[in-house]
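Before any comments, here is the structure.
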Amino acid sequence: MQLCIFDLRRGQQEGQELDKILFFFPADLPFATQLSVIGLSEGLITFTRIFSPDAACEVIEAERHSHVFYEAESDIWMVMVVDKSKESKAACQVDALRKVLKEVHSLFVLFHGTMRSMLEKETSGGLIRSHLYPFITDYLSGCGDLNLTCNFWADFLTGRKLQLPSFHDCLMERGTVQMLTVGREAAIEVQSLVKVLECSAGTTSCYSLVLFQDLLVSTTLSPDDTISLFTYAVLRLTPHALSSGATSWSYLQRTNAGSQVPALSTITNSGSVSDNIYRSRDASLDQENNCQVKRPLHHNRWFRGNDGFLASDIWGTDNGSQTSVTPIVYLQLTEERMYLCAYQHKSLTIILLVPVSSILNGEQGLSLVKQQVLENASLKMLMVEEKLSKGWGGENAYHVSGYRYLLVDDERVSRASPPAKVMTLAKESLLALSKLREEVNLEKKRAKCSNSEVNCDKELEICVRAKNGAWVIARTSRGKELYMVLEKASETLLYAADSVEKFSNRYCSGVFSLD
């Protein structure tokens, strides 16, 4: 696999081509190879824009490789080149790879702001390169324990040990949140808690996110910011994420404890990387600006304090009090800078975003806000956690006997069979579903390109019999999607269709029923 990020506004003059490279993986490839990959990508983008000015290419399928494109920001492109091995030809959805690129960008923007703003702040590109390299390598590798073998480091540099989607993930959906179903009484308590949190923060422009286990309960953020913060919380902040070596049942793809990357000092001092632009120019820039590169995706760097608030040494310590510095995140729409305060009680995680502009005296002023939250909301947080725990059905709460399913709605919320249940499916069933999802994605793109409201909302049903006899089914209706595998269904299509009808009527309010 190769992954590159480049800026079409840079390096357009002869002799300055390297300026357009913001990130390239594997980093030990010669510059000539890097420029060849980026030059081909740039040519494909320019060519396809002739026929589609508003939407350039998303994927190019070559004989040996798939080229996946994502325009993260205006003229800033992320391109992934994936080798077509015998196993991966039918195993990896292109749409899933694009969502990986989108997730990388959204998480980067969450902690660093937009790439364009960083380029405008420091025009040589050194600042953004020094942040992109550790951030993306942490994301791709999982970044855990630093005790690694040289063999792994060699594999990592050449791109052989990475966390990428495969056909095993076809009953998962990136870019969505997983919601907890709560009763009326619990919902009222959560709503009351959110109001108390807002009052305790002392500003009307604060936001909150409430999670139970790895599921979302409440949010006051925009959909894009909710997904970014929810993704980070599940990866690093929830009780499962904080438990070292814990087995997660989260619906998000969780990184493998064996896939890890060394510290940034090891990266920049590696012989194969030391000769490239990420060290020679950008490291000197950091020394001049006395800038410490933060690594928010670093594993095992968050911990729960005695007061219940989560803290991390990733952002350093406050000089005056020697307490951990509270991280600052950026909202996507407004680019407003917000303090990220996370509180945890048992299975309940609460994230409070407070505007930086509203806090005087930095960490000292923020500690007063935290004190107010504890004084005013402690009792309510205990009550909410207790009510949610009583109504919680456990890790298999959303398992439906006989079904393996994924439900995605138009509000970017998904629900799926627990991963432990999905693992019981045969490889043939998963491969068939992966191919089926590719077909559905193609149909959705055709409908989008037609600019027809009728086509965009059209209903679609596809049923396929896998080699092992399982029924693999996809239905779309009114912006919602349902994917299902029935391995123990009878041989008749009528039986399979009837099973989908029963599921739709009972769990989806009849949205996918054909009546």
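The values are calculated or read from the model by the stated rules, or taken from the named source; none is laboratory data. These figures come from a predicted structure and were not determined experimentally. Positions of Cβ are backbone-derived with ideal geometry, glycine not excepted, and every protein chain shown enters the neighbour counts. Accessible surface areas use protein heavy atoms only, side chains included; no ligands, DNA or RNA. Shrake-Rupley method; radii C 1.70, N 1.55, O 1.52, S 1.80 Å.
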request  = Would you check if there is a residue in region 244-256 being open to solvent by 10 Å² or more (accessible area, probe 1.4 Å) and modelled with pLDDT of 50 or more?
outcome  = yes
query = Of the numbered conditions (1) part of a helix (DSSP H, G or I); (2) out of contact with any Asp or Glu (no Cβ under 8 Å at 6 or more places or on another chain); (3) modelled with pLDDT under 85, Asn319 satisfies every one except a single condition; which is it?
reply = (1)
ask   = Which is under 17 Å from Leu406 (Cβ atoms), open to solvent by 30 Å² or more (accessible area, probe 1.4 Å) and either in contact with a Gly (Cβ under 9 Å, 6 or more places away or on another chain) or modelled with pLDDT of 90 or more (or both), of Glu481, Glu487?
value = Glu487
inquiry  = List pairs: first residue in region 182-196 and over 20 Å from Thr349 (Cβ atoms) and part of a helix (DSSP H, G or I), second residue open to solvent by less than 90 Å² (accessible area, probe 1.4 Å) and of a type in the set (Lys, Arg) anywhere in the structure, Cβ distance under 8 angstrom, at least six positions apart or on different chains.
reply    = Glu185/Lys387
task = Inspect all residues belonging to region 417-434 and state whether any of them is at pLDDT 90 or above, in contact with a strand residue (DSSP E or B) (Cβ under 6 Å, 6 or more places away or on another chain) and in a strand (DSSP E or B).
result = no
task = Scan region 69-91 and give yes if some residue there is in contact with a Phe, Trp or Tyr (Cβ under 6 Å, 6 or more places away or on another chain), at pLDDT 85 or above and open to solvent by 30 Å² or more (accessible area, probe 1.4 Å), otherwise no.
result = yes
ask   = Here are Leu366, Leu360: which of them is farther than 22 Å from Gln213 by Cβ and exposed (fewer than 14 other Cβ atoms within 10 Å of the Cβ)?
value = Leu360
Single residue of region 411-429 satisfying the filter (open to solvent by 10 Å² or more (accessible area, probe 1.4 Å) and among the aliphatic types (A, V, I, L, M)) that is farthest from the chain's Cα centre (by Cα) = Ala426
ask   = Within region 203-218, is even one residue part of a loop (DSSP other than H, G, I, E, B) and more than 25 Å from Val356 (Cα to Cα)?
value = yes
